[in-house]
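Where a number appears in this text, it was derived from the coordinates with a stated rule and is not lab data. Please read all numbers here as calculations on a predicted model, not as lab measurements. Cβ atoms come from the backbone with ideal geometry, glycine included; neighbour counts cover every protein chain shown.
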Amino acid sequence: MNHGPLIFLGAFATVVSSFWGLVVAPQLQLGGLQPKLTTGGDAVYPSQRPGLAAQGHAVYVANGCVYCHSQQIGQSGVEFDVRLVKGGTNAVKTLARLREVLPDLSDDSARQMIATATNTAPQLLAAGLDHATADLLDRNLKPTGAQVQIVQRNLGPDLARHWGRRLSVAQDYLYDDPVQLGTQRIGPDLANYGLRQTNETVILTHLLNPRAVEKNSTMPGYSFLFERRKLHPGETTPAISLSAAGITQDVDKTTGAPEFFVPKPAARALAAYLMSLQSDAPLFEAPLPAPPPVAAAGTNAPAPVK
Amino acid sequence: MKTDEKNFLNREPAEPTAGLNSAAIPIWLTGLLAVLLYWSCTFTDTRGGRFSPLVYAPYTSTNQLAEFLPKSGDDDFLRQGKMVFNKNCAPCHQDSGSGNPSTFVPPVAGSEIVAAAGPNRLIRIVLDGLAGPIKVNGVDYGNAAMPPWRPAMNDTEIAAVLTYIRGSWGNKAAAVSPEQVAVIREKDKTHSDPWQWSELEKLPEKD
């Protein structure tokens, strides 16, 4: 040991730097996170889960759902479509301005677009541009009286699978303790499960016997969250019939009453938690695709995309 | 014999020592490390979003994010007021400001007390609460009981939320500044019970 103090200092510096990087720095960055208004400005996000869903979180943790299901959406990029919503009065000038940014645009199709573009029937000028190019196109066309609409699209494999519309950010997990991020995706991501599936009976059936809902599911059934019995008179729990659970119907020979799978409180809490999984609020740090498609005049229905 | 022994000892190699010495680290490795360090600094600089907690990959800066967002007409103070209202007041007064007659909560939307010429009484209600009978727009709200917010909200929050309720849902009264709240907070320092409307009525609306 010729260099005891040096070795001690080296080891100490290693521990301190990892403590700084893994504990102190994240705490400084995100420790003060508070619920805040969404970018639309209408709601405080996130809100506490309602009581039953909060209990369901504990069931989710206890049954280790996190080992097969993640709760985080990744996003690899963002791109912009530019749509013409008003052709402008001077078609020749508009065409020339368009040409400066989009040299590949054919004359005929461009004229066609300028003539037919309206607010309700926007014409797609260019897809997949970066923001600078889309912005340039917008500024280029403004002086001619033409108007364009810039439509943002978030990109990434998770988004292509319709698991969400934007990336997950720290704000989404503010009230989760412990946070169930997950590292494996043996099952699908659940960050927005509550938006995809809102039917409690379907969720309960899925928990009881996954194959009854998804034919090729590899998920184990959680039948211990249910009890198999006849319904009490006047009982209103969302009970699952044996045939719905994929078992041949079995009728009691003496009374003729069918048996049901009746969810225990834990199953209903878990279902409530799964339905509360909705990380889809527009936030500053995670913009949603915007603006939404224009509604046709006099209706509330969004226009068909493209 | 003695000289042989001495030669033998002399042939023994020197005891190795630790430490930096130019022969141990080849010059190309030093160069490579320097290049890697430079590259990693540049990489972090262009993609790190300046370590802002609001910037996540694939976005690279708060400015970029701000460009992508739809522009909103609200200014920051009003937004803060709305936030405070939705979080603290809306559970009783409702998001729409309509109040709830069944639980003795008077409305703030369209209320003559909220849209008064000056905010003095309103600031006192928020600071120290309100108890007992109150009439809003001619409707009696009986046993209204509003808790005091003196310890829970600072001057800016109270000013923001009052500005919000005085300028929303068709109310068109002037904004409230944090200074106005600070003055009344100081003046009523010793006031402990919630206000009665009969007491408040005697105080001026405006300075």
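Laid out as a table, the results:
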{"quantity": "Karplus-derived 3J(HN,Hα), 6.51/-1.76/1.60, for each residue of segment A:117-132, Hz, glycine and proline x", "calculated": "5, 9, 4, 8, 10, x, 9, 6, 7, 7, 10, x, 8, 7, 5, 4"}
{"quantity": "For segment B:144-197 versus segment A:151-199, the gap between their alpha-carbon centres in whole angstrom", "calculated": "40"}
{"quantity": "Relative contact order (percent, whole number), chain A, Cα cutoff 8 Å, 6+ residue spacing", "calculated": "25"}
{"quantity": "Amide proton proximity set for A:Glu227, modelled H, under 5 Å, gap of 5+", "calculated": "A:Val262, A:Lys264"}
{"quantity": "Mean projected area in nm² (Cα convex hull; one quarter of hull surface) for segment A:81-150", "calculated": "3.9"}
{"quantity": "Evaluated over chain B, the Cα radius of gyration and Dmax, each in Å", "calculated": "34.6, 125"}
{"quantity": "Loop trypsin sites (Lys or Arg not before Pro), segment B:169-199, which have at most 16 other Cβ atoms in a 10 Å radius of their Cβ (DSSP)", "calculated": "B:Lys172, B:Lys189"}
{"quantity": "With Cα atoms, 0 to 90° folded angle of helix B:2-11 axis to chain B main axis", "calculated": "40"}
{"quantity": "Percent breakdown of C-alpha pair distances by 10 Å bin, ordered from the shortest bin, for the protein assembly as shown", "calculated": "3, 12, 15, 17, 19, 16, 9, 4, 2, 1, 1, 0, 0"}
{"quantity": "Principal axis dimensions, segment B:50-119 - Cα atoms, whole angstrom, descending", "calculated": "50, 27, 19"}
{"quantity": "FRET efficiency, 1/(1 + (r/R0)^6) with R0 51 Å, evaluated for B:Glu15 and A:Glu79 via beta carbons", "calculated": "0.20"}
{"quantity": "Using a Förster distance of 51 Å, the FRET efficiency for A:Gln278-A:Arg99 (Cβ separation, nearest 0.05)", "calculated": "0.70"}
{"quantity": "For segment A:105-141 and segment A:59-75, distance of Cα centres in Å", "calculated": "43"}
{"quantity": "Cross-link pairs beyond the 32 Å C-alpha cut-off, checked among A:Lys86/B:Lys172; B:Lys87/B:Lys187; B:Lys135/B:Lys189; B:Lys82/B:Lys202; B:Lys82/B:Lys189; B:Lys82/B:Lys187", "calculated": "A:Lys86/B:Lys172"}
{"quantity": "Theoretical gain in end-to-end length, B:Glu112 to B:Asp140 [0.36 nm per residue, Cα-Cα removed]", "calculated": "8.7 nm"}
{"quantity": "Dimensionless Rg/Rh of chain A - Kirkwood Rh, Rg from C-alpha atoms", "calculated": "1.14"}
{"quantity": "Peptide-level mean, for A:43-53, of C-beta atoms on other protein chains within 10 Å", "calculated": "1"}
{"quantity": "Under 15 Å from A:Lys264, Cα to Cα: aspartates and glutamates that are on another chain or at least 8 residues apart", "calculated": "A:Glu200, A:Glu227, A:Glu235"}
{"quantity": "Cut-off under 5 Å, modelled amide H: who pairs with B:Val136 long-range", "calculated": "B:Tyr141"}
